[in-house]
Amino acid sequence: MKEKMAPLLVLLAGVLWGTTGTAQTYAPEAAHPIAVGAARLAVGGISLLIIVLMFGQLNLRNWPIKVTFAAALCMAAYQPLFFTAVQLTGVAVGTVIAIGSAPLLSGALEWLVLKKNPSRGWWYSTFLSIFGCILLFTNSDSMSAAPSGIVMALGAGLSFAVYTLVSRRLVQNYPSLSVVAVVFTLSAVFLSPFLFLYDMSWIAEPEGLAVSLHLGIMATGIAYLLFAKALYCVPSSTAVTLALAEPLTAALLGVLLVGEQLDFVSWAGVSCLLAGIGFLVFLRAKE
């Protein structure tokens with residue numbers, strides 16, 4: 001894969017992740033957000049594992065167990081942490097803190113663990129993108145600042161940052177498809193207790209099945225496969241910043257498909273997000 005194509009793969013992954021919120025609006029009312037998250041990982045992990053087994057690409061010889069478990073635990077932890085944060089703080093605060101903190105935490109982890117200082121251009125584009133994310137979600141009427149919810153949101157951001165860092169180590173040495181299949185299958189196992197704690201009868205309904213398949217295959221399996229392939233060439237801090245295409249996509253889909261309204265400030269946020277992400281893609285293309 002050409003290195004210059006890697007940022008575009010991250011952006012495409014972010015676009016697919018951005019469909020999650022819109023897809024959930026079509027789920028039956030009985031579908032609890034955490035149960036949807038658990039079903040999402042189960043469908044994504046199992047579908048990827050089936051594909052890997054069909055093509056005979058799964059070879060667990062000398063597979064790094066500790067790093068794999070770390071990636072799986074981070075992805076499993078992200079789901080309940082994020083959804084709980086949103087419940088405690090509201091969509092605006094929870095989303096901004098979780099998604100906005102991930103790039104900064106990723107840059108800090110690269111500096112602490114890899115002794116690699118992100119470039120000045122990365123800082124400019126990251127702060128511009130996070131500022132845009134904050135402006136975008138000021139459109140919400142539901143905002144609060146429960147301390148426990150803020151901690152949960154930061155935990156979600158840290159989970160995604162650590163997942164990106166350790167996954168990059170895996171894809172440097174193993175096929176991306178195998179890495180994502182193994183990690184997400186383990187994540188689904190870790191979250192399987194939630195499938196028994198919540199009512200899952202909604203998944204048998206046509207809308208519930210369609211939402212589960214979309215979230216599992218498109219917004220999880222394919223999206224994270226693209227993300228993993230990009231991580232072979234793109235630093236984890238850059239990838240997490242580019243992944244801010246997720247809230248941008250979610251906002252635009254909300255306007256186009258759900259009938260949501262964005263005010264002037266929110267559209268200014270959209271502009272800042274586009275500028276920040278575009279600037280980072282431009283910097284990668286010049287390298």
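Which one of these is surrounded by 20 or more Cβ atoms within 10 Å (Cβ to Cβ) and closer than 21 Å to residue 34 by Cα: 166, 211? Give the steps one after another, and end with the answer.
Details: 166 fails: closer than 21 Å to residue 34 by Cα.
Of 166, 211, the one residue that is surrounded by 20 or more Cβ atoms within 10 Å (Cβ to Cβ) and closer than 21 Å to residue 34 by Cα is 211.
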query: Any idea which residue in segment 139-151 is surrounded by the most Cβ atoms within 10 Å (Cβ to Cβ), counting only those that are among the aliphatic types (A, V, I, L, M) and at pLDDT 80 or above?
result: 150
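Run down 160, 127 and say which single residue is farther than 30 Å from residue 58 by Cβ and either under 17 Å from the mean Cα position of the chain (by Cα) or open to solvent by 40 Å² or more (accessible area, probe 1.4 Å) (or both). Step through it out loud before you land on a result.
Working: 160 fails: farther than 30 Å from residue 58 by Cβ.
Going through 160, 127 in turn, just one is farther than 30 Å from residue 58 by Cβ and either under 17 Å from the mean Cα position of the chain (by Cα) or open to solvent by 40 Å² or more (accessible area, probe 1.4 Å) (or both): 127.
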message: Residue under question is residue 253, and the condition is that it be in a helix (DSSP H, G or I) and farther than 20 Å from residue 95 by Cα; does it hold?
response: no
query: Only one of these conditions is not met by residue 260: (1) at pLDDT below 90; (2) in a helix (DSSP H, G or I); (3) open to solvent by 40 Å² or more (accessible area, probe 1.4 Å). Which number is it?
result: (2)
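Pick out the one residue from 186, 154, 136, 191 that is in contact with a Gly (Cβ under 9 Å, 6 or more places away or on another chain), surrounded by fewer than 22 Cβ atoms within 10 Å (Cβ to Cβ) and touching a residue at least 12 places away in the same chain (Cβ under 8 Å).
Numbers: 154 fails: in contact with a Gly (Cβ under 9 Å, 6 or more places away or on another chain); 136 fails: surrounded by fewer than 22 Cβ atoms within 10 Å (Cβ to Cβ); 191 fails: surrounded by fewer than 22 Cβ atoms within 10 Å (Cβ to Cβ).
Just a single option satisfies the conditions, and that option is 186.
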message: Need the failing condition index for residue 233 against (1) in a helix (DSSP H, G or I); (2) in contact with a helix residue (DSSP H, G or I) (Cβ under 6 Å, 6 or more places away or on another chain); (3) open to solvent by 10 Å² or more (accessible area, probe 1.4 Å); (4) hydrophobic (A, V, I, L, M, F, W, C), just the number.
response: (1)
query: With respect to the numbered conditions (1) more than 16 Å from the chain's Cα centre (by Cα); (2) closer than 24 Å to residue 191 by Cβ; (3) at pLDDT 85 or above, which one is the sole condition not fulfilled by residue 107?
result: (2)
task: Could you figure out which of (1) buried (at least 19 other Cβ atoms within 10 Å of the Cβ); (2) under 27 Å from residue 136 (Cα atoms) isn't true of residue 222?
output: (1)
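When you check residue 21 against the structure, is it touching a Phe, Trp or Tyr at 6+ places or on another chain (Cβ under 6 Å), in contact (Cβ under 8 Å) with a residue 60 or more places away in the chain, open to solvent by less than 60 Å² (accessible area, probe 1.4 Å) and part of a helix (DSSP H, G or I), yes or no?
Numbers: touching a Phe, Trp or Tyr at 6+ places or on another chain (Cβ under 6 Å): no; in contact (Cβ under 8 Å) with a residue 60 or more places away in the chain: yes; open to solvent by less than 60 Å² (accessible area, probe 1.4 Å): yes; part of a helix (DSSP H, G or I): yes.
The answer is no for residue 21.
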task: Could you grab me the full set of residues in segment 1-18 that are without any contact (Cβ under 8 Å) to a residue 40 or more places away in the chain and either acidic (Asp, Glu) or open to solvent by less than 60 Å² (accessible area, probe 1.4 Å) (or both)?
output: none
task: Give 103, 64 a once-over and let me know the one that is of a type outside the set (A, V, I, L, M, F, W, C) and buried (at least 19 other Cβ atoms within 10 Å of the Cβ).
output: 103
statement: Of (1) under 22 Å from residue 69 (Cβ atoms); (2) hydroxyl-bearing (Ser, Thr, Tyr); (3) modelled with pLDDT under 90, residue 185 fails just (3)
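Which residue, of 53, 112, 41, 73, is in contact (Cβ under 8 Å) with a residue 12 or more places away in the chain and open to solvent by 60 Å² or more (accessible area, probe 1.4 Å)?
Numbers: 53 fails: in contact (Cβ under 8 Å) with a residue 12 or more places away in the chain; 112 fails: in contact (Cβ under 8 Å) with a residue 12 or more places away in the chain; 41 fails: open to solvent by 60 Å² or more (accessible area, probe 1.4 Å).
From the options 53, 112, 41, 73, the qualifying one is 73.
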message: Go through (1) open to solvent by less than 40 Å² (accessible area, probe 1.4 Å); (2) touching an Asp or Glu at 6+ places or on another chain (Cβ under 6 Å) for residue 30 and report which single condition fails.
response: (1)
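The values are calculated or read from the model by the stated rules, or taken from the named source; none is laboratory data. Please read these numbers as outputs of a predicted model, since none were measured by experiment. Positions of Cβ are generated from backbone atoms using ideal geometry, with glycine treated the same way; all protein chains shown enter the neighbour counts. Remember, those area values only see protein heavy atoms, side chains included, never the ligands or the DNA or RNA. Shrake-Rupley method; radii C 1.70, N 1.55, O 1.52, S 1.80 Å.
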